[in-house]
Every structure is written in C-alpha cells, then in structure tokens.
1. Give, as a single signed number, the net charge of other residues whose beta carbon lies under 15 Å from the beta carbon of residue 108, with Lys and Arg counted +1 and Asp and Glu -1.
2. Given a cut-off of 20 Å, what percent of all Cα-Cα pairs of region 1-74 lie beyond it?
3. Excluding residues fewer than 8 places away in the same chain, name every one of the lysines whose C-alpha is closer than 29 Å to that of residue 305.
4. Is there a quick way to get the dipole size of region 107-214? I mean about its Cα centre, with the Cβ of Lys and Arg at +1 and of Asp and Glu at -1; what is the value in debye to the nearest 20?
5. Would you report the distance distribution of C-alpha pairs in region 1-147 as whole percents per 5 angstrom bin, up to the bin with the largest distance?
6. Counting only other residues whose beta carbon sits under 14 Å from that of residue 299, what net charge do I get with K and R as +1, D and E as -1?
7. Per the helix-only calculation at 222 nm, which mean residue ellipticity applies to the chain, given -39500 (n - 2.57) for every DSSP H run of n ≥ 4 and division by its residues, nearest 500 deg cm²/dmol?
8. Positive end of the charge dipole of the chain (Lys, Arg +1 and Asp, Glu -1 on Cβ, about the Cα centre): tell me which of 318, 121, 8 has its Cα farthest that way.
Amino acid sequence: MQRARAYLDSVAPLIPDADRDRTFPMEIVPGLLDVGFVRGAIPVADGGLGLSHLDSALLMEEAGRCWGSIRTTANILTLVAELLSMAGTDEQKQRFLQPLLAGRRLGWFAITEPDAGSDVSALSTRAERRPDGSYRLTGRKAYITNASHGDFGIVLATVDPDLGSRGVTAFLVERADGYRTLDRPHLPVRSVTCCDIELDGVVVPAANVLGEIGRGLSLAMRAVNAGRLNVSAGCTGLAQAALEAATDHTQNRHQFGRPLAGFQLVQQLVVDIAVRTRAARQMYQSAARLLDAGHQARTECSMAKYFCSETANAAATSAVQVFGAAGLMDGSVPERLFRDAREATIPEGTSQIQILQIGKELLGVSALR
Ligand SMILES: Cc1cc2nc3c(=O)[nH]c(=O)nc-3n(C[C@H](O)[C@H](O)[C@H](O)COP(=O)(O)OP(=O)(O)OC[C@H]3O[C@@H](n4cnc5c(N)ncnc54)[C@H](O)[C@@H]3O)c2cc1C
C-alpha cells in the first residue's frame, strides 16, 4: 500500500494540467499496474497478484484520494480483466487479458445504450449469427468509459430479442473490427473519456464470444458487484482528500483575526466530513471482508456503493464551503473533488437503483418495475 501511495504521490503533480486539458497521462498506466492496480484483483494463475478484495479496495481508496480519473480508469480496467479471468478461454486470455495486465492493451466495457440505462434488460444491440458462426453486431452504446482510449472492449448484445435477458451475450470487439467512438465532453472525471460507440454491422468471430451464449448479463452482474465495492472505496478516498484539503485550509486561512479552524461552525463542517469518511471506510471494508469470506455480499456492496458515493458528494460540498470562493475556482482541489464526486452516484447503478435493490432484499418486494 505504501508503494501505491508513493507512486500516486509521484504522479499527483501531473493532475492539474491533465484535468484542465481533459487528457490522461497514459504513461502512468504501467506504473499503476506495477504497484498492484488491476493485476491485484486477478488470480495468480491468470497472471495477477491474487490480492484479497480488501487489499484491492484499499488500493482503490488510495486512487480515489489521488484523482477521480485514475480511480475510474483503474476500476474499468479491473472490471474488464475480471470478466476475462472469470469467463475467458485460454486463447482469449492470451489475446486480451495478458496484454492488458502488461499495460500493452486497454479495454472498455459496454452495457448502457441510449434507451437502456438503469434498465439494462432493455438493451437492443443485436448480435446476428452468420452461417460461418461469426456474429454481426449492430447497435449503439452510450457513456462508455475510455472507449476512445482502448483498443478492445466487451459489448453486451442480444442474440435473440425474444429471449429477453436470457439472450444477452458478451462479445469481445477489437478496434480493427470497425466500431466507431464519439467522445462526449462531461462534468466529472474529465480526463477519462465518456463515449458513444456505433456498431454498424461489426463482424466478430465466434472465438470472440466471452462466456456462454445468453449468460452475458449474469456474468456482467458478478463483475459489477466487485465494481461497486471499488467505487465505494474510491469514494472514501475522495472524501479523505476533501477532509485533508479542508483541514489544511482551516489552519492556514485567517478571518476576523483567527484561523478558520477556531470557528465552531467551520469545525462542524470538517467534523462532518471526518465522521462520514470514517463510516464510509467501515462500510466498504466490511463488504470486502464478506466477499473475501466467500459470500456474494450483493446487498452489502449495494449499501456501500450507496453510502460511500453519497458521502463523497457531501464531503466535497462541505470542502467547497470551508474554502469559500477559493473552493469554486477552476483548478482548486475542492472544485475538482466536487465535480468528480458528482459522477459516483450514477454509474454501476444509481443511488436509486441501489436503494431499490437493498429494499427488495430487506422487504421481499421489488419496487424496480
Ligand atoms: C461518467 C460515466 C461513466 C460511465 N461509464 C459506463 C461504462 O463504462 N459502461 C457502461 O455500460 N455504462 C457506463 N455509464 C452509464 C451508467 O451506467 C448509466 O448512466 C447508469 O446506469 C444510469 O443510466 P441512465 O444514465 O440512462 O439513467 P436512467 O436510467 O435514465 O435514470 C435516470 C434517473 O431515474 C432514476 N431511475 C431509473 N429507474 C428507476 C426506478 N425503477 N426507480 C427509481 N428511480 C429510477 C435513476 O436513478 C436516475 O436518477 C457511465 C455513466 C457515466 C455518467
């Protein structure tokens, strides 16, 4: 963990310019892999480090403390690597997983479509089987993280719309297959790209089916569960960064002849960040321990995602308040944290979707539809 923090501290000076310019310093990716990101979550047999869920989540907290765009990039690469490790054939692991773990290939993961967001079962991207066994993919994906940076991705598409979720299948698609990406400028984590993807009759070989036909959604949901844990840990790191920035500012900024730290109402803002951050940490770590003990922990991962992402927003808002106008200026740390926190309650299941999943588990009734 100390190596990871030291590496992240060493890349921190790159953040202000990259965040302003909406670019990602790709040269840091091998270093991220080297200190355990992405590789950590993958079993040793597949070329990873086989870290526990808890250790992987602790790394993700460090990433969130450093920069939302690193946390998001690491999270998506981890998700892609986990899907390949869980369901890939030996040949797929050689072609996609090993180069990804070596930092030679970058991948993305696409479920969302313009008309299928929270309701993933509504996805309509079509995969038609051709006489030679290959598949022709046609459809449009939306908001896909780093699709323009990556050179391959995992696309969920249906082989038969009449089968509903049982028709949804995962496909590996390479840039050379001919998909097009369109970057969409966005508010948070602005050094990752957020892309529409056009699949206009893209043909992939049968060897690019990932996992079983019709099992794409359940495969994705297994990875998304750990993804929610990673988001929770990253959000805790963001809240920790808000706490550190706010604490520092209260000691250095003077008004009415005293440091801000001496005002009770300012103390309340800082204490609220501290208490919520500590609670968030307990929440994600307890979910991680359950996963490590072999439980599915879906409800606990949803609870952690809900609580930690809302905590990140509350913490960033309070940090802006502690800074006053300085916290709203371009390039200030609270301003960046405030923007980045806003992302956390939407991907990998919005806060509302987490609430409904937790409610279903607690009350035995689904309020989703
Ligand atoms: C920065 C960013 C990166 C992303 N990266 C990826 C990616 O890499 N891959 C990918 O596949 N997707 C990605 N997404 C998409 C993300 O997963 C979706 O945005 C998310 O699932 C929500 O879908 P939606 O935006 O269409 O909102 P909608 O589903 O339209 O929801 C709009 C609002 O309605 C609420 N709502 C919806 N249904 C219900 C209900 N039944 N009950 C109560 N409230 C409800 C939601 O909570 C939300 O508040 C990304 C999104 C963002 C913002």
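1. -3
2. Values: 703 of 2701 pairs.
Of the Cα pairs, 26 percent sit more than 20 Å apart.
3. The qualifying lysines are 141, 360.
4. Numbers: 11 positive and 15 negative charges, 31 e Å.
Taking the Cα centre of region 107-214 as origin, the dipole is about 140 debye.
5. Bin by bin from 0 Å, the calculated values are 2, 9, 16, 18, 18, 15, 12, 7, 3, 1, 0.
6. Values: positive: 228, 298, 305, 360; negative: 300, 361.
It works out to a net charge of +2.
7. Values: 11 runs with 178 residues, N = 369.
Result for the chain: -16000 deg cm²/dmol, rounded to the nearest 500.
8. It is 318.
Read-outs throughout are calculated quantities, based only on the coordinates presented, and are distinct from any laboratory measurement. Source: prediction; values computed, not measured. Cβ sites come from the backbone with ideal geometry, for glycine too, and all protein chains shown count toward neighbours.
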